[in-house]
Amino acid sequence: MACLDNKIVLQMNHIMKIYSNGVVANEDVSIELKKGEIHALLGENGAGKSTLMKVLFGIESPDEGQIFLNGQETTIRSPQDAINKGIGMVHQHFMLVPSLTVAENIILGVEPKKGGLFIDMEKAVQEAEVIAGKYNFDIDVRAKVEEIPVGIKQKVEILKALYRGADILILDEPTAVLTPQETDELFVQLEKLRDNGHTIIFISHKLDEIKRICDRATIMRSGRSMGTYEVKDISTEEMSRLMVGREVVLTFDKKPAAPSGVLMKVRELSVRNGQGVLKVDSLSFDLRGGEILGIAGVEGNGQSELIDSLTGLNKSYKGSICIKDTDIEKCSIKDIRELKVAHIPEDRMTSGCAGNLNILENMFSNQYTDPDYSGKILLKMKKIQERSEELIREYLVKCRSYKQNVGMLSGGNIQKVIVAREFSTGPDLIIANQPTRGVDVGAAEFIRRRLLEFRDAGCAVLLVSADLNEVFSLSDRLAVMYKGKFSGMFTDVAAVTEEELGQYMLGLKHQEEQEGVIYE
Amino acid sequence: MNSAKRFDMFRMFFSVLIALLISFVIIFFVSKEPVTAITTLITGPLKSKRNMGNVVEAMVPLIFTGTGVCIMFSANQINLATEGGFHLGGLVAAAVALKLGLPAGLSPIAAICLAALAGAIFCTIPAVMKIKTGAPELVSSLMINYLSLWLCTFILMYALQDPSVGSASYKLPAESELPTIIKGTNIHAGLLLALIVAVLGYVFLFKTRTGYELRLTGENESFARYSGINIVKVVLISQMVGGVIAGMGGGVELLSPIYSRFSWTSLLGYGWDAIIICTLAKKNPLYTPLAALFLAYLRTGASIMARYTDVTLEIVQITQGIIILLVVAEQFLSGMKHRMIAKEAKASLKEGEVA
Amino acid sequence: MLQSLLSPDFFNAILRATTPILFAALASSVASKSGITNMALEGIMLFSALFGVIFSAMTGNFAVGLLLTMVAGALIGLLLAFFVLNLKTDEILAAIAINLMATGGTVLLMLAVSGDRGSSTSIASVSAPKIVIPLIDRIPFLGQILSGQNLMTYLSLLAVIVMHVFLYKMPLGLKIRAVGENKNAAESVGISARKIQYIALILSGVLASMGGYFLSGGYMNMFTKDMSAGKGYIALAASAMGGDTPVGAFLVSLLFGAAQALANMMQLTDIPHELIQMVPYLTTLVGLGIYSYAGLKRRQKLAGK
């Protein structure tokens, strides 16, 4: 491929990183990069990929290990240091300042000056345009970042790194937020960069993408390196085996769904976000007991706003939402929970738990008013303790005791605490938003099985997930959300191909739409 | 106790030690007789029964305001109106004692109850403003402290003033005074009340439904909201309860044998002291008496020092400042903490390999 | 009363009363733009008010006194920055600590220097001069307002312009705004957020110290115990209500300055002194309420309800 000479530009040897909460993120990881290659860093969420890259980019300092840059041992003290050494990073979450323009974001930190004191804005715009032109990036550099779409934001990120003279470019899950078309465009540009002699580290857990674009791949599993392979010599099955240690079981032996009565009825729901943008656009659908309705879609197409409205977190919506024949417009979040609704939130750290409180305190936030666990005033601590020990065992939460702070647990275990809490109330309706994101395989499978069990017991499940395998394998019906509407609704999930789904996700295809169509 | 908690304890004692050392250095700079001054500061409170009594008396207002702040801060309501609430509580208690003419026994009870009510209403103002307008309680509570000061001074001057003494009220009737409980000192029944409040504060925060709601909200508001907790109720109740305790503290303090008239024409600073009490007690009301004992000892020592040497009482505020800075500094001695935790993690890693 | 409200003297007094709040509000805005609430303004002002007296008396020169006070302000800003940024102390608690140290420290220091605990009358300090601007002082009405102010008042107005240019036209200002809005973004391009916030807090300390200096060397000619009297807190509100921009902070400071000037003038009436003292705080409280309420409504409207 493009590795003209086999010159090693970077070596990281035996890196160890322990976070101050005691989590060992990298145990003994080594990686080496050749000039002009696209090198995949492959691993599941939590395998330590991001930590390794943070070490390389000077955000975290390793507890042990060495880094060699062009054959010379070096320490990277800070991101600035990394940039000076020709390393650029495009983070998973964009590192842009929304109120500034594209040009301002690109020149931030290395501003062209006039009169020695002031920013030369004209020159900044010019330089930004030149660099965008050089790599064929079509961008209006005077636009404010808060007003441009996600795909363009990512290009701005890459331009930022290139503007600073990056030879080694780290891309942390760059396709996670992109549409397939945007991904194609990105890949063309990455190949061009490679041909120009740039070395690219491509962090991903999407095997097909790695097959498509990468030359070599280093595979990580739970903080260790599982070796580096020529991509053309290794099969996707082999990569996945190295990644997770066993074949991923994603086909569940599901019983056919036996839908019962309608538990949730949504009609003409419209929601605007904090900036006044219409995110959910007169959506109507029904959800029955005993079925799982999956919602697929590129993130940011209104899924979060939909869930917030259904669970009572957002009260300023138009239209109606009925749960078990109760219109929830006047219901508080507590009232909705009392209708036996469970909610697994999208982001477990922001709204799913309190890291500084212990497991017990996190397990009862939705049921402490239950007469089993408290009187009118006092909590029944003994009963709560017994129950939390029970839940810890039942949900296989790895911890020292219920007194351990939730923030000290691993992502998967935190998620188990949340799931245990939500499921232990015996819900009739489960709203699960990204229930297995960033969770290890074992925990993910455990959670998915539980969802199926609840569905078999007659519970209605609304599943929003960015993981297509998950929605495919669990859903009885599958809706695709695009720009606040369902662009497609499939009752025979097995008949839908991933490719077809992609086209609905991108809005290239729409199912015949009628005014006021209701998906039942 | 796990290593993290053990470390926190160690760091707290170390911080206090450093703060004291820095204060001693300052004393060396400003005093002509530094050794006498420091010795008096440290040993003064133990020199007589009276002095020891002073330490215990000085604990009382600190326990009250400290507990109030623990409750508000546990709910992450950074309401600093404890200062004004305490002041207002003192005024209300004085007014009740002077104007209602109630018999002994009933008079202090009525005065303290009304002081608590006044404190509650007062400290709820920032809460109501936050709920109704979204104004941050931090800034509004700072403003109303000054309003409390001038309102109280106004009422003092126009309704309670004893013209023969200037800016002070008429002498409080004996019926309203809190009884002393240890002879030869001014230690009064308010101490018992303070201890009860601290214990009740602990029970409230850690054993009741509402307390749990408060702490959950304080640690992560969006988690609390998502769980179905009524945040508006938490905002309101936490500041109201904090206010009750602050107002009560003001009332108790004024009715104690220490004061014979209401003569507070500037803010006394107990609201700010409460911050250090809350910091040292790690937001747990049960520990406020200990923290108050420490600060009261320091205060008493300093005031004895101020009486006998050329160092002024205000040195304590500097000590207090340094203690807050260091105790709250997460990264203070963090290198040591990290090494400790990394060592543990490595050890458990090895255990895992063996197993 | 009404006549005196329309007299140039009153407007002159507004500018005078605005000066300390304005300096502190600018101090707050630069800190806020970098992402930190600087509640230690109150303590920095109080310390600086005393330092101003001491330094100008020591050197016999107001300019050197001012300069030394500004250095001291910078050092307190540095101290705050060290605790907040390096040791990760909660910024509000760190500020409370500094304010406590200011309350006690100023009395301790004054006692050591002058032997008096209440005020610094025994120290022969030098105040900043009043400046008569030629030509402008001839303009009727306006001349009486704009000319003959204390030097610090002019400096405060100049500071508004300087801070605006600094924040919006200069590289460091861009960095401060970037750090405040998205710290991670700034760090990802190699800007040390810590360094930038250090600079912002030091600058904030300098500006606040100028406000403090004016209290004892312009507004009054001596230091009195607790003389900042919550002006730092009022400035926090002014800066927030002005959207943390220098121009916004200026406009709101003017409003609060007017309230203070009005209170000062009401001293001449029969209204009880204690009630008049409440005016600045009450104005701030009401202003804050209205401003926050408007923001709340705006957000609700955007959300479509």
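Annotations for the structure displayed:
- Measuring heavy-atom accessible area with a 1.4 angstrom probe and counting protein chains only, the residues of region C:178-204 that give up at least 10 Å² relative to the chain alone are C:Ala178, C:Glu181, C:Asn182, C:Asn184, C:Ala185, C:Glu187, C:Ser188, C:Val189, C:Gly190, C:Ile191.
- Using alpha-carbon coordinates, inclination of helix B:82-99 to the longest axis of chain B, degrees: 30
- Part-to-part distance (alpha-carbon centres) for region A:450-485 and region C:263-304, which is given in Å: 52
- Bridge type composition, region A:8-244 - antiparallel percent by DSSP, nearest 5: 55
- Near the amide H of A:Gln404, within less than 5 Å, lie the amide hydrogens of A:Ile359, all on another chain or at least 5 residues away, with H placed in the peptide plane.
- Cα shape, region A:296-450, gyration tensor, a/c 1.5 rule: oblate
- Prolate/oblate/rounded call for region C:1-92, Cα gyration tensor, a/c under 1.5 rounded: oblate
- Surface accessible to a 1.4 Å probe, B:Leu114 within the full protein complex, Å²: 70
- Around B:Gln320: net Lys/Arg minus Asp/Glu count, Cβ-Cβ under 15 Å: -2
- On association of chains A and B, roughly 2800 Å² of accessible area becomes buried (total for both chains; probe 1.4 Å).
- Test item: Cα-centred dipole of the protein assembly as shown, Lys/Arg +1 and Asp/Glu -1 on Cβ, debye: 2820
- Among beta bridges that DSSP assigns inside the protein assembly as shown, antiparallel share in %, nearest 5: 55
- Top of B:Lys183, B:Lys343, B:Lys132 by mean-square fluctuation, Gaussian network on chain B, Cα under 10 Å: B:Lys343
- Rounded to the nearest 5, the antiparallel percentage of DSSP beta bridges internal to chain A is 55%.
- Extreme residue, positive dipole direction of region B:197-339, given options B:Ser256, B:Leu205, B:Ile237 (C-beta unit charges): B:Leu205
- Length-normalised contact order of chain A in % [C-alpha pairs under 8 Å, at least 6 apart]: 15
- The A-C contact accounts for approximately 2200 Å² of buried accessible area, totalled over both chains at a 1.4 Å probe radius.
- Mean separation of Cα contacts under 8 Å (6+ apart) over length of chain C, as relative contact order %: 34
- Only helices reaching 30 angstrom along their own axis (Cα) with mean Kyte-Doolittle hydropathy no lower than 0.5 count here, and for the DSSP H runs of chain C these are C:8-33, C:91-114, C:193-214.
- Options C:Ala95, A:Ile328, C:Ser125, ranked by Cα towards positive dipole end of the protein assembly as shown, top entry (Cβ charges): C:Ser125
- Placing +1 on the Cβ of every Lys and Arg and -1 on the Cβ of every Asp and Glu, with nothing else charged, gives region A:358-425 a dipole about its Cα centre of roughly 200 debye.
- Largest GNM mean-square fluctuation across B:Arg215, B:Arg299, B:Arg11, computed for chain B with C-alpha springs under 10 Å, falls on B:Arg11.
- Dipole of region A:38-119, positive direction: furthest Cα of A:Gly88, A:Ile38, A:Leu117, with charges on the beta-carbon: A:Leu117
- Counting protein heavy atoms only, region B:219-327 has 60 percent of its accessible area on carbon and sulfur, 1.4 angstrom probe.
- Sorting the Cα pairs of the protein assembly as shown by distance into bins of 20 Å, from 0 upward, gives 10, 36, 36, 16, 2, 0 percent per bin.
- Whole-percent carbon and sulfur share, accessible surface of region A:8-244, 1.4 Å: 47
- Interface C-B: total buried accessible area of about 3900 Å², 1.4 Å probe, protein heavy atoms only.
- Using a probe of 1.4 angstrom and keeping all protein chains present, the accessible surface of the protein assembly as shown works out to 40 square angstrom per residue.
- Interface burial in region C:94-116, defined as at least 50 Å² less accessible area with all protein chains than with the chain alone at a 1.4 Å probe, covers C:Ile96, C:Leu100, C:Met101, C:Leu108.
- Separation of region A:346-364 from region A:201-218 is 34 Å, based on Cα centroids.
- When only alpha carbons are used to place a centre, region A:48-87 and region C:1-23 end up 58 Å from one another.
- Among B:Ser256, B:Ser107, B:Ser222, the largest mean-square fluctuation in a Gaussian network model of chain B (Cα springs under 10 Å) belongs to B:Ser222.
- Lys, Arg +1 and Asp, Glu -1 on Cβ, resulting dipole of region B:150-239 about Cα centre, debye, nearest 20: 280
- Interchain or long-range residues, amide H under 5 Å from A:Met264's placed H: A:Leu287, A:Lys324
- Scanning residues 5 or more positions from A:Leu379 or on other chains, those with amide H under 5 Å from its amide H are B:Thr208, B:Arg209, with H placed 1.01 Å from N in the peptide plane.
- Rel. contact order, % - alpha carbon contacts under 8 angstrom, at least six apart, region B:202-291: 17
- In order through region A:313-318: 3J(HN,Hα) via Karplus (6.51 cos²θ - 1.76 cosθ + 1.60), integer Hz, x for Gly, Pro: 5, 10, 9, 9, 10, 10
- Prolate/oblate/rounded call for region A:325-415, Cα gyration tensor, a/c under 1.5 rounded: oblate
- Charge tally in the Cβ shell below 13 Å around B:Ile144, where Lys, Arg are +1 and Asp, Glu are -1, B:Ile144 excluded: -1
- The accessible-area loss of region A:111-139 on complex formation, taken against its chain alone with a 1.4 Å probe, reaches 40 Å² or more at A:Glu111, A:Leu117, A:Phe118, A:Ile119.
- The trypsin sites (Lys or Arg not before Pro) of region A:92-161 that DSSP puts in a loop, and whose beta carbon has at most 16 other beta carbons within 10 Å, are A:Arg142.
The values are calculated or read from the model by the stated rules, or taken from the named source; none is laboratory data. Not measured: the values here are computed from a predicted model. Because the Cβ atoms are built from the backbone with ideal geometry, glycine has one as well, and the counts that use them run over all protein chains shown. For the accessible areas, the whole protein counts, side chains as well, though only heavy atoms, and no ligand, DNA or RNA atoms are used. Shrake-Rupley method; radii C 1.70, N 1.55, O 1.52, S 1.80 Å.
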